[in-house]
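The values are calculated or read from the model by the stated rules, or taken from the named source; none is laboratory data. Because the structure is a prediction, the values reported are computed rather than measured. Cβ coordinates were reconstructed from backbone atoms using ideal geometry, including for glycine residues, and neighbour counts include every protein chain displayed. Ligands, DNA and RNA are stripped out before the accessible areas are found, and what is left, the full protein with its side chains, is counted by its heavy atoms. Shrake-Rupley method; radii C 1.70, N 1.55, O 1.52, S 1.80 Å.
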Amino acid sequence: MVKPVGSLCNHGCSYCYYLPTAALYQGDGGVMDDTLLEACIRQTIEACEGDAVSFCWHGGEPLLAGLPFFRKAVRLQRRYAGGKRVDNSLQTNGLLVDDNWCRFFRDNDFLIGISIDGPKDIHDKFRKVHSGVSSFDAVIRAIGLFRRYRVEFNTLSVVSSLSEGRGVEIYRFFRDTLGSRFMQFLPAADRQLPWAVSAAGYGRFLTDIFDEWVSRDVGEYFVQMFDATLAGWYGVTPGVCTVNDVCNDSLVVERNGDVYPCDHFVRPGLCLGNIRESTLGELYASPRRVEFSKAKFGSLAAECRECKYAFACHGECPEHRVNGRNVLCEGLKDYFSHVTPAMDGMKELLLRRRSPAEIMNTWVM
C-alpha cells in the first residue's frame, strides 16, 4: 500500500482513522518525490517472489498526487516489471474524478474503490467536504463516469450508527441503483464516538444483507465479509486481513518513505524503517514486522481463543479490541450463528466441486 500524499485529503469524514497521522509528518511536503516513487516501485517488484505484484494506492486522497504522478508510476512499473504482471488498485472519495482520470484508469486496468456509505442522507451525515457541503452528488457523478468509461470499481462503505436497521436498503441501493458488484462494509467501531455502530446493530446489518444476498445474488454480487467467512469455513486464508489469524502481510509506504506494518497503525514507535535506508524486502522480513503480525493472536483474550467461531473471526481487527476482546464481538457472534447453515451448505458444495451459487436452489429463509 502506497500513500503518495499521506493523510492529505479534500474530504472531511468524521470517522477518518488516518487523520491523526498528519501530526507525524508536518512539513514533509505534499507528494512523494520521484526518487522515492521509483525506489518504492522497484523494491516492491524485486521483493515479490510471485508472478504478480499488487500496488494499492491509498490516502488521504491519492488523486491529489495528480495524474502526471500516476502516469510516471505506471511507466516505472513497466520498466521494472521483469516479466511479472503488475496490478493496480486505488481508493478514492471520487471528488476529483473526471474524464481524464477515467481514461487513465481504463487504459491501465486500475481497479477503483470508491467510498460511499449509502443513500444521500446516510452518506452525507459523516462524509461532508471540509466546507460542510454535501459530497454525495460528486460521488454519484464519479460512479457514472466509471460506468461510462468501463472502469472496474467496487464500493467501500463505513457502517455507522446511521446504518443500523438499514442494511437491506443500503445493499439494494448499491446493487440496483449504482450497479456495484463488489462491496466492502467496514464498521466504525470506536465506542466513544457518536457515529460508532453498536455491536448488535453491526450484527443485524450483516445478517439482513446476508439474507438478501444468499437468496438471490450468490456468484453475481460479492460482499467482502461473506467471501471471507466462506473462506474461513472452507479452511483457506481469507482475502481480508481483519478475519485472518495474523495481521496484514502487506507493508504501507508513507510519502516520505517511512514503512509501517499496517495503515491502521501508523503511530510513533511502529515505523519499521525507511526505503531510503533499507529495502522493502528487508523490512518485510524484519523481526519487528513478524512480531507485529503474530501479535494479533497473542493479544487475543482467552475467551475469544476458545470461541467456536474463532476459526472464522480470529478476534477481528486488533484496532477494535478492548482488553483483548473485540467491541463488536456480540454482533459478530450473531452474524456467524445466523449464517452457519448456509455456510455449511456452500462448503459442502465446494467439497463436491460445485458452485456455491447452487445454495440458492434450495435455500429457504
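Regarding Thr35, is this residue in a helix (DSSP H, G or I), crowded, with 20+ Cβ neighbours inside 10 Å and of a type outside the set (Asp, Glu)? Criteria not met by Thr35.
Restricting attention to the range 191-204, does a residue exist that is among the hydroxyl-bearing types (Ser, Thr, Tyr) and in a helix (DSSP H, G or I)? The answer is yes; a qualifying residue exists. Looking only at the range 76-93, how many residues end up being touching a Phe, Trp or Tyr at 6+ places or on another chain (Cβ under 9 Å) and either buried (at least 16 other Cβ atoms within 10 Å of the Cβ) or not in a strand (DSSP E or B) (or both)? The total comes to 7. For Tyr149, indicate whether it is under 27 Å from Tyr260 (Cα atoms), in contact (Cβ under 8 Å) with a residue 12 or more places away in the chain, open to solvent by 10 Å² or more (accessible area, probe 1.4 Å) and of a type in the set (Ser, Thr, Tyr). The answer is no for Tyr149.
Looking only at the range 253-281, count every residue that is hydrophobic (A, V, I, L, M, F, W, C), in contact (Cβ under 8 Å) with a residue 40 or more places away in the chain and more than 17 Å from Gly30 (Cα to Cα) and tell me the total. Give the derivation first.
Here is the first cut: in the range 253-281, the ones hydrophobic (A, V, I, L, M, F, W, C) are 253, 259, 262, 265-266, 270-272, 275, 280.
Okay, now just the ones that are also in contact (Cβ under 8 Å) with a residue 40 or more places away in the chain, so 253, 265-266, 275, 280.
Remaining after also requiring more than 17 Å from Gly30 (Cα to Cα): 265-266, 275, 280.
Total satisfying the criteria: 4.
Where helices (runs of 4 or more DSSP H) fall entirely within the range 250-365, those with at least 2 residues that are within 30 Å of Arg216 (Cβ to Cβ) are at 310-313, 329-351, 359-362.
No other residue among Arg354, Arg267, Arg276 is open to solvent by 40 Å² or more (accessible area, probe 1.4 Å), of a type in the set (Lys, Arg) and within 30 Å of Ser161 (Cβ to Cβ) apart from Arg267. Of the residues examined, Leu24 is not one that is aliphatic (A, V, I, L, M) and surrounded by 20 or more Cβ atoms within 10 Å (Cβ to Cβ).
Annotation: Leu193 fulfils all but one of (1) surrounded by fewer than 19 Cβ atoms within 10 Å (Cβ to Cβ); (2) aliphatic (A, V, I, L, M); (3) over 22 Å from Cys13 (Cβ atoms); the unmet one is (3).
Candidates Gly324, Gly345, Gly315, Gly331: the one that is open to solvent by less than 30 Å² (accessible area, probe 1.4 Å), over 23 Å from Val236 (Cβ atoms) and touching a helix residue (DSSP H, G or I) at 6+ places or on another chain (Cβ under 6 Å) is Gly331. Within the range 51-75, the residues that satisfy the criterion of being in a strand (DSSP E or B) and open to solvent by 10 Å² or more (accessible area, probe 1.4 Å) are Ala52, Ser54, Cys56. Each residue in the range 174-190 was checked for being in contact with a helix residue (DSSP H, G or I) (Cβ under 7 Å, 6 or more places away or on another chain), open to solvent by 30 Å² or more (accessible area, probe 1.4 Å) and in a helix (DSSP H, G or I), and 0 of them qualify. Does the range 69-84 include one or more residues that are among the small types (Gly, Ala, Ser) and under 18 Å from Phe174 (Cβ atoms)? No, the range 69-84 contains no residue that is among the small types (Gly, Ala, Ser) and under 18 Å from Phe174 (Cβ atoms). Residues being over 11 Å from Gly257 (Cβ atoms), out of contact with any Lys or Arg (no Cβ under 7 Å at 6 or more places or on another chain), in contact (Cβ under 8 Å) with a residue 24 or more places away in the chain and not acidic (Asp, Glu): count how many of those fall in the range 26-47. Summing the residues that are over 11 Å from Gly257 (Cβ atoms), out of contact with any Lys or Arg (no Cβ under 7 Å at 6 or more places or on another chain), in contact (Cβ under 8 Å) with a residue 24 or more places away in the chain and not acidic (Asp, Glu) in the range 26-47 gives 6.
Can you tell me which residues in the range 205-237 are open to solvent by 20 Å² or more (accessible area, probe 1.4 Å) and either touching a Cys at 6+ places or on another chain (Cβ under 6 Å) or not in a helix (DSSP H, G or I) (or both)? Result: Gly219, Glu220, Tyr221, Phe222, Gly235, Val236, Thr237.
Only one of the numbered conditions (1) open to solvent by 10 Å² or more (accessible area, probe 1.4 Å); (2) part of a helix (DSSP H, G or I); (3) over 25 Å from Phe297 (Cα atoms) is violated by Tyr171, and that is (1). Of the residues making up the range 114-138, those that are out of contact with any His (no Cβ under 9 Å at 6 or more places or on another chain) and modelled with pLDDT of 80 or more are Ile114, Gly118, Pro119, Lys120, Asp121, Ile122, His123, Asp124, Lys125, Phe126, Asp137, Ala138. Looking at the structure I just gave you, is Ser250 surrounded by fewer than 17 Cβ atoms within 10 Å (Cβ to Cβ), closer than 24 Å to Ala47 by Cα and of a type in the set (S, T, N, Q)? Yes: the conditions hold for Ser250. May I ask you to verify whether Leu145 is in a helix (DSSP H, G or I), closer than 21 Å to Glu38 by Cβ and aliphatic (A, V, I, L, M)? Judged against the criteria, Leu145 is not a match. Among the residues of the range 112-146, those that are in contact (Cβ under 8 Å) with a residue 40 or more places away in the chain, out of contact with any strand residue (DSSP E or B) (no Cβ under 8 Å at 6 or more places or on another chain) and of a type in the set (A, V, I, L, M) comprise Ile122, Val129, Ala138, Leu145.
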